[in-house]
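What follows is one structure encoded as structure tokens, with my remarks underneath.
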Amino acid sequence: MEKKFFDKIIHGGDYNPDQWINTPEIWDEDMRLMNLAHVNSATISIFSWSLLEPEEGVYNFGWLDEIMDKLHANGKEVILATPSGARPPWLAQKYPEVLRVEENGIRNEFGVRHNHCLTSPVYREKVRNINRMLAERYKNHPALKMWHISNEYCGECHCELCQQAFRDWVKEYYHNDIEELNEKWWNGFWSHRMNDWSQINSPKNRGENHVSAMKLCWNRFVSDSHISFYENEIEPLREITPDIPITTNFMRMYDGIDYQKFAKKMDLVSWDNYPAWDKGRNEEEALAVAFVHDAFRSMKDGQPFFMMESTPSLVNWHDVNKLPKPGMQELSSIQSVAHGADSVQYFQWRKSKGGHEKYHGAVVDHVGHENTRVFRDVARLGEVLEKLSGVVGKESNSKVAVVYDWENSWAVKHFCGFNNINRNYLGECIKWYAPFRKRGISVDVIPMDADFSKYNTVIAPFLYMLKDGTGERIKTYVENGGNFVATYLTGFVDKNDMCYLGGFPGDGLMDVFGVWCEETDSLPEGMKNTASFSGKDYDVVHICDIIHSKGAEILGEYKRDFYAGMPAVTENSFGKGKAYYAAFRNDGDFTDDFCKMLIEKNSIAPDCGITADDGIEIRKRGNHIFIMNFSDSAKKIALDKEYTNVVSGEKISGETVIESCKYIIVTD
Ligand code: GAL
């Protein structure tokens, strides 16, 4: 399948000519350098509102006209940003309601960026207005190819407008029935029964912060507020430029917004990729980033995404900003493309002369010319990307999915009980994803309400909270022949964080898994139990469910403590499929061994026949195979037939070695 917005890999990034308004000769130099760097696109005007509208209703588009024209004359595609991510001082001064109120109830002063109320009608109107002006002005400009909405939406506001909007949101969620609210928030506990919607406030340390159902509602509300803020932003753009695709840049697995829900409103997903390549844990980081890429790719059914930002060298916001190893940024960019990115973009094109980010990596350094290591690396990568247009638009077709669900991540964060300090939902999902990636098997990362039917195997680690209908959907999937794997603390609560009665896992899942979880044990740091599986012993750490088989076959047992001899791993035949329950957490080889069993049993083939030493990632996209070495040493790979090296054009077969931080891309 294919979904294309361009016929080439977009190579470019955040370009801030507005910072150089008084030295326009720099603009011409930028064009020369962009051509040298094989850059074909620029994302502009992200933080330029104070230049575009220096006084209320007074507009200054001349500089932007000139830049758009220059970029076009130099063959660059323009991704034009809307400027809501940072507002001009006059706007905040005249309309203080646009500024955010923190959880402590104090309104922020003007400063930094973001920092805006999500509800303020004045801010929404001002944003709509400037966006309309931009759309009207550039609707026919040939360089305009995509809208970049705002920048990294995030945060929350606790002002009175937001409190009222929250109350309205809750009222609608609970069908305008305060008794339903009392029931779903279990307000009989600690005498919290409400008799008026006005008694609802946002969660705060100095107020209510122990009602997890309410905190879940707040998360949903804040997330929906960002989405509706975005919808407000794009209204004039959809009207005036209906054919220009729209995106906004996400931040890794940022948990303040349900990205899986938000993505449905976007034409394509984009995200800002800042791996910590400077921390000496490159293999681990490469695994985590692979997972994130796959999550973003899966948000629109496997459709390619944009990597909207990355640094061409270092960042400035770690405690200590070490330079990554040479080759790492190139490898990281190639990994993005391998996983479905149709762009490699940087923050930033040129280092600013002043301001907070002047020491952040950029393609063009303060020295100003092209004779730098970083510039040469970017230019070389640009040449490689020009040879990869064959992958543009190519989607993936995975047979395996790992469930990572934003709402569940909130629920896992909020509940109080069992092991309150060693709970790592994302880490557990990555742990179950790793065995497939290691074997070159493509994995989708999906929410719990995605379509399971296209997968041979679905793994849902720590699926603590079940959205409406999830139990039934898992049941149908397994009945029809699917393999579903669950772990400890599965199906304990519904979407209001209310426990299922009658035994865990709830919502009908006891039958599907053929187990009943009677108790859950938590193990303090350093304390372990042991579980057996397939003739091997594994450490049980942090948490484990004590389960009884109610018809499931027992594949492994606990070996110590009062629950020694009780099931730890089970398999239940249900309809045409199998439902597995892995009741404990292990930080060693268990997931790898268990998934190996699943892969063999279900004949899940790797995406290609190339094999490699551990430490190498192999990923197939279209007919391109990306073989990447994130480890610290050279690794061997074995090609099962003759391939063509896409970069050199040479034929390649047999065994070969890939040095640390290097990659090869081949086609058959
Ligand atoms: C991103 C942001 C950019 C820039 C960059 C620095 O999160 O969108 O504007 O600040 O970080 O790494």
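A cut-off of 5 Å between modelled amide H atoms, ignoring neighbours fewer than 5 places along the same chain, links Val485 with Val458, Ile459, Ala460, Tyr580.
Translational diffusion of the stretch 164-313, estimated by Stokes-Einstein from the Kirkwood radius over alpha carbon pairs at 4 °C in a medium of 1.567 mPa s, is 71 µm² per second. Looking at the stretch 400-601 alone, DSSP beta bridges between its own residues are antiparallel in about 60 percent of cases.
Compactness of the stretch 94-203 was expressed as the Cα radius of gyration divided by 2.2 N^0.38 Å, which yields 1.45. Whole-percent P(r), the stretch 249-317, all Cα pairs, 5 Å bins from 0: 3, 16, 26, 25, 15, 10, 4, 0. Cross-link reach is defined here as a Cα-Cα straight distance under 14 Å, omitting same-chain residues fewer than 8 places apart; for Lys387 the aspartates and glutamates meeting it are Asp7, Asp342, Glu650. Nonpolar atom fraction for the stretch 611-667, defined as the carbon and sulfur part of the 1.4 Å probe accessible area, stands at 43 percent. Summed over qualifying helices (DSSP H, 4 residues or more, each -39500 (n - 2.57)) and divided by its residue number, the chain shows a 222 nm mean residue ellipticity of -9000 deg cm²/dmol. Across the alpha-carbon set of the chain, the Rg to Rh ratio works out to 0.98, Rh being the Kirkwood radius. Enclosing the Cα atoms of the stretch 400-601 in their convex hull gives a volume equal to 107 cubic angstrom per residue. Of the residues Arg124, Arg619, the one with the largest accessible area comes first in the ranking Arg124, Arg619, computed with a 1.4 Å probe on protein heavy atoms. Here the contact order of the stretch 400-601, divided by its residue count and restricted to Cα pairs under 8 Å and six or more residues apart, works out to 20 percent.
Seen from all directions on average, the stretch 611-667 presents a Cα convex hull projection of 3.4 nm². Of interest is the spacing of the C-alpha centroids, which for the stretch 1-54 and the stretch 108-168 amounts to 22 Å.
Can you list the lysines whose alpha carbon is less than 22 Å from that of Lys204, not counting same-chain residues fewer than 8 positions off? Counting by Cα, and skipping residues close in sequence, Lys204 has these lysines nearby: Lys171, Lys184, Lys215, Lys413, Lys495. When the pairs Lys139/Lys264; Lys399/Lys651; Lys394/Lys438 are compared against a 27 Å limit on Cα-Cα distance, Lys399/Lys651 fall above it. If you wrap the tightest convex hull around every Cα atom of the stretch 559-657 and split its volume per residue, you get 158 Å³. Max-minus-min Cα coordinates of the stretch 428-524 on each principal axis give 40, 37, 24 Å, with the largest extent listed first. Taking all Cα pairs closer than 8 Å and separated by 6 or more residues, the relative contact order of the chain comes to 11 percent. Partners of Lys325 within straight-line reach, counting lysines whose Cα lies under 16 Å from its Cα and excluding those fewer than 8 residues away in the same chain: Lys279, Lys662.
In the stretch 611-667, Cα pairs under 8 Å separated by at least six residues give a relative contact order of 38 percent.
The values are calculated or read from the model by the stated rules, or taken from the named source; none is laboratory data. In this text, all values refer to a predicted model and were calculated from it rather than measured experimentally. When the accessible area is computed, the model is the full protein with side chains, heavy atoms only, and any ligands, DNA or RNA have been set aside. Shrake-Rupley method; radii C 1.70, N 1.55, O 1.52, S 1.80 Å.
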